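To start, the structure under review is shown below, and the notes come after it.
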Amino acid sequence: MRPSFRASCLSLVSTLACALGALHAPDAAAALKPAQLAIVINDDDPDSVAIGEYYRKRRDIPAANVVHVRIPGKPRSIGAAQFRLLKEEIDSKLGPGIQAVLMVWTAPYAVECNSITAAYTLGFDGSQCAKTCAAGQPSPYFNSKSARPYSEHGLRPSMLLPTSLQAAGSQAAPSRQGAKDLVDRGIAAGFRTVPATAYYLVTTDKARNSRAGFFPPPGRVAARRLAIKQLQADALEGVQDVLVYQTGMAQVAKLETIGFVPGALADHLTSLGGDLLGSSQMSSLRWLEAGATASYGTVSEPCNHWQKFPNPSVLLRRYLGGDSAIEAYWKSVAWPAQGLFIGEPLAAPYRGR
């Protein structure tokens, strides 16, 4: 992870101030509804078929919202031309009421240097591949109050639901059961508000602390039964009430010692967290396997531009305000071309509360 120029941006400074000031007065907009979500299933991948149907039934997604495609071979990355045909096929089957899209598979997760979720939502950005450390194109959805992104912005936020995960606390090989557990955690998040903590870690890895200035201030959000803590540490250990865990490390230790509440969000600022099946750094899949419900990582070298990663204050404000996981995560990233959004999109612990 090579350091990059930390650009000043008055609009984002204003955004931060608004986000901090509004934690106690969240937006009233309703979270994304099941009928507004499309599911894309890869018929060449049996895990995709099985988990896609499981998700559809558990979330009561209309059968008309399911799109079937064929992507042979489970490649980690596909080319821009192949992706263009895939996107056209998906879009041709979606009605105007569909506001977001869930792709149900583990791979492919990249389109050349772009993540597949960003390429789908904002269009493939080939210019980013010429120099992956360059500034990204801004997302019109960043910090938006919109509850209908397609209707109001002409884009559909997308997320990847991995289909094979190691079950939390298990030593067994990754399987469909781990993916089902992930779905179930997202659903459980909607039943009741539990006491929880949002943890923000400033680590000894200085290059990966580039978003630490955006960590929400320590304190309590009493109406949400939430504590906010900033720690000077390289890892959490032994805590069992994690709603948010954001840090900057290439590898995050001691995940097996902590507990996540249903609907938890967790991510680490590093170069290749979104390279889900890679081995050079910790995959964002490890967060889901540890018990988180959604996560984020980049699929190509982004340098440490904080704009390419979830803004902690925006993410927390939007989630506490009732947004679903897919909405809150997407709204928190200013330059998302290289960023992969993964998990259960409809988790919304604070909807209507």
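The values are calculated or read from the model by the stated rules, or taken from the named source; none is laboratory data. This is a predicted model, so every value here is computed, not measured. Cβ sites come from the backbone with ideal geometry, for glycine too, and all protein chains shown count toward neighbours.
Could you tell me whether any residue of region 225-233 is modelled with pLDDT of 95 or more and in contact with a helix residue (DSSP H, G or I) (Cβ under 6 Å, 6 or more places away or on another chain)? Within region 225-233 (the criterion being modelled with pLDDT of 95 or more and in contact with a helix residue (DSSP H, G or I) (Cβ under 6 Å, 6 or more places away or on another chain)), the answer is no, since none of the residues qualifies. Checked against the criterion of being under 24 Å from Leu182 (Cα atoms) and either crowded, with 21+ Cβ neighbours inside 10 Å or modelled with pLDDT of 95 or more (or both), the candidates Ile71, Ile78, Ile90 yield just one match: Ile71.
Residues are listed down the side, and each one gets a yes or a no for (1) among the acidic types (Asp, Glu); (2) outside any loop (DSSP other than H, G, I, E, B); (3) closer than 21 Å to Pro216 by Cα:
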{"residue": "Asp275", "(1), (2), (3)": "yes, no, no"}
{"residue": "Glu289", "(1), (2), (3)": "yes, yes, no"}
{"residue": "Pro302", "(1), (2), (3)": "no, no, no"}
{"residue": "Pro310", "(1), (2), (3)": "no, no, yes"}
{"residue": "Leu315", "(1), (2), (3)": "no, yes, yes"}
{"residue": "Ala337", "(1), (2), (3)": "no, no, no"}
{"residue": "Ile342", "(1), (2), (3)": "no, yes, no"}
{"residue": "Leu346", "(1), (2), (3)": "no, no, no"}
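Looking at the structure I just gave you, is Ala325 surrounded by 24 or more Cβ atoms within 10 Å (Cβ to Cβ), touching a strand residue (DSSP E or B) at 6+ places or on another chain (Cβ under 7 Å) and at pLDDT 95 or above? Yes; evaluated as a whole, the condition is true for this residue.
Within region 238-274, how many residues are surrounded by fewer than 20 Cβ atoms within 10 Å (Cβ to Cβ) and either closer than 15 Å to Val194 by Cα or without any contact (Cβ under 8 Å) to a residue 12 or more places away in the chain (or both)? Residues flagged as surrounded by fewer than 20 Cβ atoms within 10 Å (Cβ to Cβ) and either closer than 15 Å to Val194 by Cα or without any contact (Cβ under 8 Å) to a residue 12 or more places away in the chain (or both) within region 238-274 amount to 4. Filtered by the rule that a residue be within 16 Å of the chain's Cα centre (by Cα), among the hydroxyl-bearing types (Ser, Thr, Tyr) and farther than 30 Å from Val49 by Cα, region 110-143 gives Ser139, Tyr141.
In this structure, does Ala235 turn out to be out of contact with any Cys (no Cβ under 9 Å at 6 or more places or on another chain), part of a helix (DSSP H, G or I) and either of a type in the set (A, V, I, L, M) or without any contact (Cβ under 8 Å) to a residue 40 or more places away in the chain (or both)? Spell out the reasoning first.
Numbers: out of contact with any Cys (no Cβ under 9 Å at 6 or more places or on another chain): yes; part of a helix (DSSP H, G or I): no; either of a type in the set (A, V, I, L, M) or without any contact (Cβ under 8 Å) to a residue 40 or more places away in the chain (or both): yes.
Spelling it out, it is not the case that Ala235 is out of contact with any Cys (no Cβ under 9 Å at 6 or more places or on another chain), part of a helix (DSSP H, G or I) and either of a type in the set (A, V, I, L, M) or without any contact (Cβ under 8 Å) to a residue 40 or more places away in the chain (or both).
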